[in-house]
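Taking it in order: structure first as structure tokens, then the write-up.
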Amino acid sequence: MNHSPEPFDMQRLTRRFHEQFGKTGPAGPSVFHAPGRVNLIGEHTDYTGGMVFPCAIDRGNLMLVRRTGNDQFRFASTNFDLMAQLSKDEIGQTYGDSWINYPLGVIDQFRIRGLKLDGLDCLYSGNVPNGAGLSSSASIEVVTAFAINELYGFGLDRMELVKMSQAAENDFVGMQCGIMDQFAVTMGLEDHAMMLNCDTLEYRQVPLVLGDFAIVLANTNQRRELNESAYNDRVSECARALGYVQQTLNVPTLGALSEAELESVKTSFADDDIAYRRAKHICTENARVNAAVIALENSDLQTFGKLMQASHTSLKDDFSVSSPPLNALVSLAMEHPDVLGSRLTGAGFGGCTVNLLSNSAVDSFQQVVGERYRDATGLTADFYSIRPSNGAEEYPQ
């Protein structure tokens with residue numbers, strides 16, 4: 001089933017806000033938006049200081065927010081039943097294992113910086129599929145940071161908001177993600193993707209000129225079981241690999257290591273084949289990002305598609321973050337004659353694939369691949385045509 005994002009119904013959301021939190025005057029709440037993101041290539045390289053190539057997408061999270069001045073913080077969502085009310089003294093602690101920890105972690109970052117908040121009413125509404133690997137959590141973090149910065153006039157720049165949002169996820173939620181998700185969600189530019197060096201944070205916006213081609217996401221609807229252990233294991237395995245490399249080579253991060261350098265120190269890995277394969281993926285994936293951007297700039301989408309394929313194979317075989325439903329979706333996509341490339345996107349363990357294909361074949365792709373995927377797995381895939389969009393911003397009303 002193909003889903004196109006529908007505009008947010010602001011009248012309905014404003015009414016819901018007032019029903020949830022009450023109406024205190026003629027002015028409605030302020031409204032802010034942050035997108036989700038898709039990573040076109042460069043997976044699991046961000047936390048090793050490597051290269052990534054994401055874009056913000058035309059789906060995301062809306063935040064309706066009001067300052068209250070009563071030192072109470074209230075959170076609700078149209079996507080989840082759970083709501084919460086906390087005093088300012090409770091802000092520094094997690095709230096069970098719920099979505100509310102994402103905005104709480106961001107508010108905690110303002111507190112750590114000595115920036116005082118005097119109470120907020122917050123209603124979130126998103127059209128990013130949860131658990132699909134499209135950074136719904138980073139979208140919530142970034143829209144919260146952006147909104148608070150604007151409401152209170154703190155004057156923090158976007159890079160600082162990126163770092164605060166990442167710290168919220170690392171230090172408060174406990175997910176040791178790299179900086180890519182929050183960076184893409186904050187810095188996105190319409191009709192562009194960005195090549196980002198996750199070590200130096202140098203980046204450049206690259207026009208995403210697809211011509212007769214389209215980007216379609218396919219959601220496995222296998223709930224992505226990405227918890228601290230599954231993701232953080234990969235982080236620790238990469239750290240272990242870097243330790244082996246640094247016994248011989250003076251490299252600051254695994255992302256700075258070339259394929260030739262890795263092969264020159266292969267004996268340092270002794271019997272730790274897992275660490276070696278993790279390092280191999282990082283090295284080859286970084287090379288693929290650089291090659292993919294050059295291909296895109298030369299309008300060589302055939303090569304771009306082949307690099308996407310190689311990326312998926314590496315994520316499946318060397319990094320072990322794919323899953324049977326993801327592999328089925330990729331294999332079935334590549335059987336379609338009008339598909340140039342397909343790969344898992346996001347952290348893996350479920351979630352989505354990203355597919356590059358002819359515009360004219362989008363309908364047949366969704367029908368044929370959808371039917372065959374259901375026959376092969378018993379799951380029903382959802383399909384989303386996406387376009388690169390702007391990062392966090394105040395939402396026009």
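For region 378-395, list residues with backbone N below 13 Å from a point placed 7 Å from the Cα of D233 toward its Cβ?
none
S364 to E202: FRET efficiency via 1/(1 + (r/R0)^6), r the Cβ-Cβ distance, R0 51 Å, to the nearest 0.05?
Step by step, r from the Cβ atoms, then E = 0.80.
With an 8 Å cut-off on Cα pairs and a minimum separation of 6 or more residues, tell me the relative contact order of the chain in percent. Mind showing how you got there, number by number?
Details: 822 pairs, mean separation 99.4, N = 397.
Dividing the mean separation by the residue count of the chain yields 25 percent.
What does the charge add up to near E150, with Lys and Arg as +1, Asp and Glu as -1, over the other residues with Cβ less than 14 Å from its Cβ? Present the calculation step by step, with values, prior to reporting the outcome.
On the way: positive: R66, R67, R158; negative: D157, E160, E393, E394.
So the environment of E150 carries a net charge of -1.
Could you grab the relative contact order for region 208-297? Cα pairs under 8 Å, six or more apart, rounded to a whole percent.
Once normalised by length, the contact order is 30 percent.
Considering every Cα-Cα pair within the chain, what fraction, in whole percent, is farther apart than 34 Å?
When all Cα pairs of the chain are counted, 29 percent exceed 34 Å.
Which order do peptides 119-125, 255-261 fall in by mean Cβ count within 10 Å, highest first?
The packing order, highest mean first, is 119-125, 255-261.
Can you spot the lysines whose alpha carbon is less than 30 Å from K280's alpha carbon? Ignore those fewer than 8 places along the same chain.
Leaving aside lysines fewer than 8 places away in the same chain, those within reach of K280 are K163, K266, K306, K316.
From the Cα gyration tensor of region 135-201, with a ≥ b ≥ c the square roots of its eigenvalues, which class applies: rounded if a/c is under 1.5, or else prolate if a/b is larger than b/c, or else oblate?
Here region 135-201 falls in the oblate category.
Note the full-extension length gain between N290 and S264 as 0.36 nm times their separation in residues minus their Cα-Cα distance, in nm to one decimal.
Length difference between fully extended and current span is 7.2 nm.
Going by how many other beta carbons lie within 10 Å of each one, how would you line up L329, L13, fewest first?
Ranked by crowding around the Cβ, least crowded first: L13, L329.
Taking the radius of gyration and the Kirkwood hydrodynamic radius from Cα positions alone, what is the Rg/Rh ratio for region 238-397, to two decimal places?
That ratio equals 1.05.
Could you work out how much longer the chain between Q11 and T24 gets when fully extended? Use 0.36 nm per residue separation minus the Cα distance between them, nm to one decimal.
Full extension from Q11 to T24 adds 3.0 nm.
Give me the log10 of I(q) over I(0) for region 279-347 at q = 0.15 Å⁻¹, as the Debye formula computes it from C-alpha points; what are the numbers?
For region 279-347 at q = 0.15 Å⁻¹, log10 I(q)/I(0) is -0.47.
Please order H18, H44 by the number of other Cβ within 10 Å, starting at the fewest.
Fewest to most other Cβ atoms nearby, the residues stand as H18, H44.
Work out the P(r) tail for region 1-153: percent of alpha carbon pairs separated by more than 29 Å, whole number.
Percentage above 29 Å: 20.
Where q = 0.18, 0.21, 0.26, 0.27 Å⁻¹, what log10 of I(q)/I(0) comes from the Debye formula for region 24-82, counting one point per Cα?
Calculated log10 I(q)/I(0) at the listed q: -0.82, -0.92, -1.11, -1.14.
Read the figures in this text as sums done on the coordinates, not as results from a lab. Note that the structure is a prediction, hence the values are computed from the model and not measured. Neighbour counts are summed over all protein chains in view; Cβ atoms, including those assigned to glycine, are modelled from backbone coordinates with ideal geometry.
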